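Participant: Can you keep this structure in mind? I'll have questions shortly.
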Amino acid sequence: MPPPVEIPAECSQNHLGQFLVCKEKGRSMRFCKPPTRSARKIRIDGCVIKNALACDYLIIDWRERKHFVELKGKDVDYAYEQLEATIPKFTFLGANDVIWCFIVCSEAPATTPKVQIRKAQFAKRFRAQLTVKTDFCEHVLE
C-alpha cells in the first residue's frame, strides 16, 4: 500500500451549502448535496501534486467517498491518464469501496466505443464509475 499523500492546508477547503463547484477553462463540475453536510474540495494538480501527472480535483464527501474531477479542453485521452495516475495515490480500495471519476471537456465523445471501453477499464481496475461530459456535469452526493 503506498504511503498516504500529505494534503497541505492551502490545497483543501471544507464546504457546507447545497452546491460545491469545480470550475476552470470554461468547464464546470457541480456537486449537489444536503446543505448541512460537509464535503472537502482538494486541489490536486499544481497544489498537492506538483510537476507530475494528476487530475484537477478530489472531492471527499461526508461519508469519505472519493470523487475525482478532471476539467479538460479537447484531449480526453490525456484526461484518462491524469485520473489513472491520481487515483492510486489517494485510494485504498476495500471490498465495498466505489469511487467516482468525472471528465468534463470541450468535446466529449461520451458514447463512442473508445469511451465505453475506458469506462469498463475504470470499473474493473479501480471500481470507479467514470462519467464523461461536455462543458458541464452535475452529480448528486447522497
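Participant: I want the local charge near Gly46. Using Cβ-Cβ distances under 12 Å, sum +1 for each Lys or Arg and -1 for each Asp or Glu among the other residues.
Facilitator: Neighbour charge sum, excluding Gly46 itself: -2.
Participant: So, one more: Where both partners of a DSSP beta bridge lie in the chain, what percent of those bridges are antiparallel, to the nearest 5?
Facilitator: 50 percent
Participant: Counting only helical runs of four or more DSSP H residues, what would the 222 nm mean residue ellipticity of the chain come to if each run contributes -39,500 (n - 2.57) and the total is spread over all its residues?
Facilitator: -6500 deg cm²/dmol
Participant: Given a 10 angstrom Cα cut-off, can you work out which residue in Phe126, Phe90, Phe31 is the most mobile in a GNM of the chain?
Facilitator: Of the options given, Phe90 has the highest mean-square fluctuation.
Participant: Further question on the same structure: Run the quick spin-label model on Leu53 and Lys133: label points 7 Å from Cα toward the beta carbon, then report their separation in nm to one decimal.
Facilitator: Between Leu53 and Lys133, the simple spin-label model gives 2.6 nm.
Participant: Calculate I(q)/I(0) for the stretch 55-136 by the Debye formula, one identical point scatterer on each C-alpha and no solvent, and give its log10 at q = 0.13, 0.17, 0.26 Å⁻¹ to two decimals.
Facilitator: Each listed q corresponds, in turn, to -0.36, -0.62, -1.36.
Participant: Here's a follow-up. For Phe19, what charge total do you get from the other residues with a beta carbon under 14 Å from its beta carbon, if Lys and Arg give +1 and Asp and Glu give -1?
Facilitator: Charge balance in the 14 Å sphere: +3.
Participant: Got the relative contact order for the stretch 1-83 handy, in percent, Cα pairs under 8 Å and 6 or more residues apart?
Facilitator: Relative contact order here is 24 percent.
Participant: Still on this structure, please answer the following. Principal axis extents for the stretch 3-142, Cα atoms only, whole Å, descending order, please.
Facilitator: Result, largest extent first: 39, 32, 32 Å.
Participant: Are any of the pairs Lys50/Lys119; Lys23/Lys124; Lys66/Lys119; Lys23/Lys50; Lys66/Lys124; Lys41/Lys72 more than 24 Å apart by Cα-Cα distance, and if so, which?
Facilitator: Going by Cα-Cα distance, Lys50/Lys119; Lys23/Lys124 fall outside the 24 Å limit.
Participant: Over the chain, what relative contact order in percent results from Cα pairs under 8 Å that are six or more residues apart?
Facilitator: It rounds to 24 percent for the chain.
Only the coordinates and a few stated rules stand behind these numbers; no lab work does. None of these values were measured; they are calculated from a predicted model. Backbone-built Cβ (ideal geometry, glycine too); neighbour counts: all protein chains shown.
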